Amino acid sequence: MIDSSGNGRYDVLAVETRGLRGPRILESSGIPLHYDNQTVFRERIALDRADANILRDEITIIDHAFTHPWTVTRSYRRLSDPTWIEDVCAENNNYVFIGHDSYFLSPDGYLMPTRKDQRPPDLRNFERAEK
C-alpha cells in the first residue's frame, strides 16, 4: 500500500507477481512470453482522483521476450447494480500448448494457429482416428 498524496491515507495498491508457470501467452493474440519463466508483472491499482467510480490499473510487464518493459493502463467503471457471473478459467480455456507453440481450439474442435505463418503441430505420435 502506498500513500501517494502524503495525506496519511493509503490510496494505491502496488502488486508484483513472479513465478508463473509457463508456457504462457500475453493475450488472445497469442504473443508468447519468454520460456525462461522469469516474467515480472508490476501493477499499481488506484481509484481515479477525479471520479471515484473509475478504478485504474497500470500494468507493467518485464519479460526477456520484450526489448523493454511494456506498460498498459486499464480502466474499470463501477456499476451501481452489477450482475455477478462466476467464470472459471479452466472451463473456458481454448488454448492448447504443444511443445513450445500455442494453438487455439476452435468451437468445432480443430486446432487453429495463434499467429501468422505458424506451422501446424507435429502429429506423428498421435493415432489417426478412423471415420
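The values are calculated or read from the model by the stated rules, or taken from the named source; none is laboratory data. What you see is a predicted model; the values in this text were computed from it and never measured. Glycine gets a Cβ as well: all are built from the backbone with ideal geometry, and neighbour counts include every protein chain shown.
Data for the structure
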{"item": "Some residue of region 87-105 being on the phi < 0 side of the Ramachandran plot and more than 20 Å from the chain's Cα centre (by Cα)", "result": "no"}
{"item": "Restricting region 1-27 to residues that are touching a residue at least 40 places away in the same chain (Cβ under 8 Å) and under 19 Å from the mean Cα position of the chain (by Cα), the residue that is nearest to Arg56 (Cα to Cα)", "result": "Ile25"}
{"item": "Hits in region 1-58 (condition: outside any strand (DSSP E or B), surrounded by 15 or more Cβ atoms within 10 Å (Cβ to Cβ) and of a type in the set (Gly, Ala, Ser))", "result": "Gly22, Gly30"}
{"item": "Lone qualifier among Glu58, Glu86 - being of a type in the set (Asp, Glu), closer than 22 Å to Met1 by Cα and out of contact with any helix residue (DSSP H, G or I) (no Cβ under 9 Å at 6 or more places or on another chain)", "result": "Glu58"}
{"item": "Residue within region 29-48 that is within 28 Å of Asn94 (Cβ to Cβ), among the small types (Gly, Ala, Ser), outside the structural domain of Ile98 (by TED's automatic domain parsing) and out of contact with any helix residue (DSSP H, G or I) (no Cβ under 6 Å at 6 or more places or on another chain) present", "result": "yes"}
